[in-house]
Each structure stands twice: as structure tokens, then as C-alpha cells.
1. Working only with C-alpha atoms, what are the Rg and Dmax values of the range 8-62, expressed in angstrom?
2. Most exposed first by the Cβ proxy, i.e. fewest other Cβ within 10 Å, how do Asp17, Asp27, Asp76, Asp67 rank?
3. Label-point separation (nm) for Glu70 and Glu41, each offset 7 Å from Cα along Cα-to-Cβ?
Amino acid sequence: MPSQANFGKSGQLTLADLRKGQRCVLDRLDLPHELAQRLMELGFLPGNEVTLGRRAPGGGPRVYRVDGSEVALRRDTAQRLFIRRDPESDLVVLSNGS
């Protein structure tokens, strides 16, 4: 299981905790209204499945697949999108450990 340091303020994992290929269900967005609205227009809606795709070289933005699109997000933004496991599905957030 990820260390306590990897959890958001609420104790939940965030998109920033995912590793390449991992899937999750978006739980909530903790962002200013305008940014949250834009991300929701792009498919980042609570309940939607999100998968981590590519990562830019040098630790730049990461690419997430959501609602049929690929969207690059900075780490600081991804840390404010909280995720969960959906008990009604087989989607699981895997451990960040080796």
C-alpha cells in the first residue's frame, strides 16, 4: 500500500499517485471552479474511469486517458483530483510499491 505521504489531505489517493497503465475511478476535484469546470468538460467527471498513459520526459506533464481522450495534466493539478476504487466494478488502484 502507498505510504501515508502519498495520500492527499483527506487520506485519499490522487491521480498523481497512479503508475503507467493503472486505472481508477475519479472521486472528486478539489480545484478552483473555472479549472474544475474545464476539466469536467474534458471528461474528468466523478465516476469516470481514468487511466495513466504516457509521461513527458524530465518529469513534465503526465497524459491521462479519460472519456476517449488523452489529456496532459501537471502534477500539481493531478494532486487535486481524488480517486477511488469503484466497488461495483473490477477497477483497482494498484499499490505504488514495487
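Values in this text are rule-based calculations from the coordinates and carry no lab data. None of these values were measured; they are calculated from a predicted model. A quick note on method: Cβ atoms are made from the backbone with ideal geometry, for glycine too, and the neighbour counts reach across all protein chains shown.
1. Considering the range 8-62 through its Cα atoms, Rg and Dmax are 11.9, 31 Å.
2. Result, fewest neighbours first: Asp76, Asp67, Asp27, Asp17.
3. The two pseudo-label positions are separated by 2.3 nm.
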